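The values are calculated or read from the model by the stated rules, or taken from the named source; none is laboratory data. Quick caveat, the model's predicted, so the values are computed rather than measured. Because the Cβ atoms are built from the backbone with ideal geometry, glycine has one as well, and the counts that use them run over all protein chains shown. Heads up: the accessible areas ignore ligands, DNA and RNA and are worked out on the full protein's heavy atoms, side chains in. Shrake-Rupley method; radii C 1.70, N 1.55, O 1.52, S 1.80 Å.
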Amino acid sequence: MAGRVTAAGAAILALGAVSLAGAGPASASPGTPGKAVRASSTAAAKLELTVHRVSDASQQAMDDTFANSSIDAIANSVNHHLHAVSGSSCTADERATVPLDPATGSAYCWDAGDAGTQNWSPQGMTSSGDADADGMWGTDRVLLSGWASAPHTTAMGRIAVINDTEGSANRFGYRWVLPVIPTSGGTDFARFGSHMGGMVWWGDKLLVTASLDGDAHHNAIYVFSTKHIYRATTNASWIGHRGSEVSAHGYQYFWPAIGSYSVTSSCTYDDHSADRLPCFDGLSMDRSQNPYTLVANEWVSSGLTGVTSRIWRYKLAPTSRLMPIAVNSAGHADPIDVYDTDIVGMQGTLNRTEDGERVVYTADSLGSPGVHGIPWRVPLPGSGTQTAANATTSTGGSTGAQHTWAQHSEGMTFMADLDQAWAQTEWAAGPNGEYPTSGTVLRQRIVFAVPMGDLRSSLTS
């Protein structure tokens, strides 16, 4: 379910307000995407980023004002749990959501309250596999699942910190954290109105897309640091610092942004012109080849034909830097590459180099009830060329669409040390795709893993 911005907030880091598009049936028919091609230099120029940091003084004020915490503390104080889809805690609808090919290595449903809520929906995903090559953050293996609030609620995001540490008593437990925007010089904070469409964890930094239409300050990506996570003192529903009390919308932990990257103007997600500024939706990273890169994509509705969707990359800075995307002396980051592809319904991607060729794994997440998505393997053009060496492929190496991926999939992340891809699905809608609905809600939200070798084989064999 894609989102649109309707309002924004203040200060250096804007507070975007998001609403999700309805989840009604889409009229999409399977496509046959051609090869990815390089977009024009004009397209690349519009994607230049400008860096903004929360001042050192404000970051110090946050540490002085609030009780500091950590990913480790959150991952080992879980108060919710994922459940194996084969068990009695999950429904037949959740079991039917898993991919058909390749088979999942494991799949899980959420606690009932999160599985069926229509106040939130899963979006971007990242993990300690992005953060560090060994797949661990300290002694913890962690998945981060970003969720966006629904259109009928106040716009904000939340993050599920999921413990995936083998042998841990907390494995597959999770706890919610509220991402926020610091205000008042770091001594207060406000809601973060992001669609949470894309997330990448790189070193101690977490990058999160703003929302599909940007915000009043044209921020496209926000940055958070694992060094600045704090505890609330009350479980009240308000957000901020009042007297001696600190509240994070009922959650025990909150996570203020430490910076952002902006573009020069607002995007419009229904603009498909060749010289458009695409809206930042999904984020992923490629750590398979130097330089490591941040990969962004826009979302184009599955119901559209004859339009392209874009994928673009930025060079990541060393993890020792204060901000995670490499910039020039003027504080700008230019995309390394911008590609056009005919794939629609692209919510998340997984990026890697295979046999010397950069490829993107993604899916057309079709917006119809009970319909499996279409997985694609997209080779990207090499430097100086206009077409990829190999054709885009769906399941079984076919260049035609095959409905074999999970239903309504969203973000993806890669655990390189385990050669394992993780992804999640979004929907909790009515039998005919009604969202929101006052009637029956079908639970179709899962988190699942597939062996990367199996995924590649299913798309190339």
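Yes or no, residue by residue, for (1) in a helix (DSSP H, G or I); (2) buried (at least 20 other Cβ atoms within 10 Å of the Cβ); (3) of a type in the set (Ser, Thr, Tyr); (4) in contact (Cβ under 8 Å) with a residue 12 or more places away in the chain:
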site: Ala61; (1), (2), (3), (4): yes, no, no, yes
site: Val78; (1), (2), (3), (4): no, yes, no, yes
site: Gly87; (1), (2), (3), (4): no, no, no, no
site: Pro99; (1), (2), (3), (4): no, yes, no, yes
site: Pro102; (1), (2), (3), (4): no, yes, no, yes
**OP:** Check the stretch 322-338 and report whether any residue there is under 20 Å from Cys279 (Cα atoms) and without any contact (Cβ under 8 Å) to a residue 12 or more places away in the chain.
**Re:** no
Subject >> Pairs where the first residue, in the stretch 431-445, is farther than 15 Å from His152 by Cβ and the second is assigned to a loop (DSSP other than H, G, I, E, B) and open to solvent by 50 Å² or more (accessible area, probe 1.4 Å), C-beta under 6 Å, 6+ apart >> reply: Gly433/Pro25
Original post:
Does the stretch 209-226 contain any residue that is open to solvent by less than 10 Å² (accessible area, probe 1.4 Å), closer than 11 Å to Pro256 by Cβ, assigned to a helix (DSSP H, G or I) and modelled with pLDDT of 95 or more?
Top reply: no
Original post:
Yes or no: Asp188 open to solvent by 10 Å² or more (accessible area, probe 1.4 Å) and at pLDDT below 95?
Top reply: no
Subject >> Scope the stretch 398-448; condition within 22 Å of Val300 (Cα to Cα), modelled with pLDDT of 95 or more and β-branched (Val, Ile, Thr); matching residues >> reply: Thr404, Thr413, Thr425
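Do you know which residues across the stretch 111-129 are open to solvent by 10 Å² or more (accessible area, probe 1.4 Å) and either closer than 28 Å to Gly453 by Cα or over 22 Å from the mean Cα position of the chain (by Cα) (or both)? Walk me through how you get there before you give the answer.
Taking the stretch 111-129 first, the residues open to solvent by 10 Å² or more (accessible area, probe 1.4 Å) are 111-114, 116-120.
Scanning the stretch 111-129 gives a single hit, Ala112.
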**OP:** Restrict the check to the stretch 152-166 and report whether at least one residue is touching a residue at least 60 places away in the same chain (Cβ under 8 Å), in a loop (DSSP other than H, G, I, E, B) and under 17 Å from Trp422 (Cβ atoms).
**Re:** yes
**OP:** Please specify each residue of the stretch 368-422 satisfying the condition of being closer than 22 Å to Gln444 by Cα, open to solvent by less than 20 Å² (accessible area, probe 1.4 Å) and small (Gly, Ala, Ser).
**Re:** Gly373, Ala406, Ser409, Gly411, Ala421
Original post:
Which of the residues belonging to the stretch 141-171 are open to solvent by 10 Å² or more (accessible area, probe 1.4 Å) and in contact with a helix residue (DSSP H, G or I) (Cβ under 6 Å, 6 or more places away or on another chain)?
Top reply: Arg141
Original post:
Out of all the residues in the stretch 64-72, is one or more open to solvent by less than 10 Å² (accessible area, probe 1.4 Å) and in contact with a Lys or Arg (Cβ under 8 Å, 6 or more places away or on another chain)?
Top reply: no
Subject >> Qualifying residue in the stretch 277-300 (condition: under 30 Å from Gly400 (Cα atoms), loosely packed, with under 14 Cβ neighbours inside 10 Å and more than 20 Å from the chain's Cα centre (by Cα)) >> reply: yes
Original post:
Would you say Met196 is at positive phi and buried (at least 24 other Cβ atoms within 10 Å of the Cβ)?
Top reply: yes
**OP:** Within the stretch 32-39, identify whether any single residue is modelled with pLDDT of 95 or more and among the hydroxyl-bearing types (Ser, Thr, Tyr), and answer yes or no.
**Re:** no
**OP:** Working only within the stretch 227-239, note down all residues that are part of a loop (DSSP other than H, G, I, E, B) and either in contact with a helix residue (DSSP H, G or I) (Cβ under 8 Å, 6 or more places away or on another chain) or of a type in the set (S, T, N, Q) (or both).
**Re:** His228, Ile229, Thr233, Asn235, Ser237
Subject >> the stretch 342-367, subset in a loop (DSSP other than H, G, I, E, B) and open to solvent by 40 Å² or more (accessible area, probe 1.4 Å), residue farthest from Ser273 (Cα to Cα) >> reply: Asp355
**OP:** Out of Tyr108, Tyr174, report the one residue that is part of a strand (DSSP E or B), open to solvent by less than 10 Å² (accessible area, probe 1.4 Å) and modelled with pLDDT of 95 or more.
**Re:** Tyr174
**OP:** Within the stretch 423-445, count every residue that is part of a strand (DSSP E or B) and either open to solvent by 10 Å² or more (accessible area, probe 1.4 Å) or in contact with a Pro (Cβ under 9 Å, 6 or more places away or on another chain) (or both).
**Re:** 6
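For the stretch 262-276, enumerate the residues that are open to solvent by 60 Å² or more (accessible area, probe 1.4 Å) and either under 21 Å from Ala423 (Cα atoms) or not aliphatic (A, V, I, L, M) (or both).
Result: Thr264, Ser266, Thr268, Asp270, Asp275.
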